[in-house]
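The structure appears right after this line, and notes come after that.
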Amino acid sequence: MTPMGVVLLVSAALLTVAAVLVVVRMTVGPTILDRSMALDVLMSVMVCAVALKSIQREETWSLPMLLVLAMVGFVGAVSIARFASGTEDEEARDDDDAREGEER
């Protein structure tokens, strides 16, 4: 086995262990933020796994897929964080208006 093969095998094993631990955290996590963070980390593990497979096969066709997975992970994390914070645009806008009224 080549040194590159050993590195890929060790990396794949570590990503598998990380994925299992993250799935355990998603099922055990007491709050929705714990589960959200675990889902975000699982998305990152998936991006790394696809990148490893692309490196192993020496193909570049999966690069757009990696970009889309990263964007979906980011948008999902931001959406869940916004939902969990409980603030709305209207409330934030009302607070800004109140501060501007106080300054005048």
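Quick look at the numbers
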| quantity | calculated |
| --- | --- |
| The stretch 35-46, residues that are at pLDDT 90 or above and either of a type in the set (S, T, N, Q) or in contact with a strand residue (DSSP E or B) (Cβ under 7 Å, 6 or more places away or on another chain) (or both) | Ser44 |
| Qualifying positions in the stretch 21-48 - among the β-branched types (Val, Ile, Thr) and surrounded by 11 or more Cβ atoms within 10 Å (Cβ to Cβ) | Val22, Val23, Val24, Ile32, Val41, Val45, Val47 |
| Pairs where the first residue, in the stretch 1-15, is free of Cβ contacts under 8 Å to residues at least 24 places away in the same chain and the second is of a type outside the set (A, V, I, L, M, F, W, C) and assigned to a helix (DSSP H, G or I), C-beta under 7 Å, 6+ apart | none |
| Close pairs from the stretch 42-65: first closer than 16 Å to Leu14 by Cα, partner outside any helix (DSSP H, G or I), Cβ under 8 Å, at least 6 apart | Val50/Ser62; Ala51/Ser62; Lys53/Ser62 |
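Results for (1) assigned to a helix (DSSP H, G or I); (2) modelled with pLDDT of 90 or more; (3) hydrophobic (A, V, I, L, M, F, W, C), shown as yes or no for each residue.
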site: Leu9; (1), (2), (3): yes, yes, yes
site: Thr16; (1), (2), (3): yes, yes, no
site: Val22; (1), (2), (3): yes, yes, yes
site: Arg25; (1), (2), (3): yes, yes, no
site: Leu33; (1), (2), (3): yes, no, yes
site: Ser54; (1), (2), (3): yes, yes, no
site: Ser79; (1), (2), (3): yes, no, no
site: Ala84; (1), (2), (3): yes, no, yes
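The values are calculated or read from the model by the stated rules, or taken from the named source; none is laboratory data. Predicted model, so just to flag it, every value in this text is computed and none were measured. Virtual Cβ from ideal backbone geometry, glycine too; neighbours counted across all protein chains shown.
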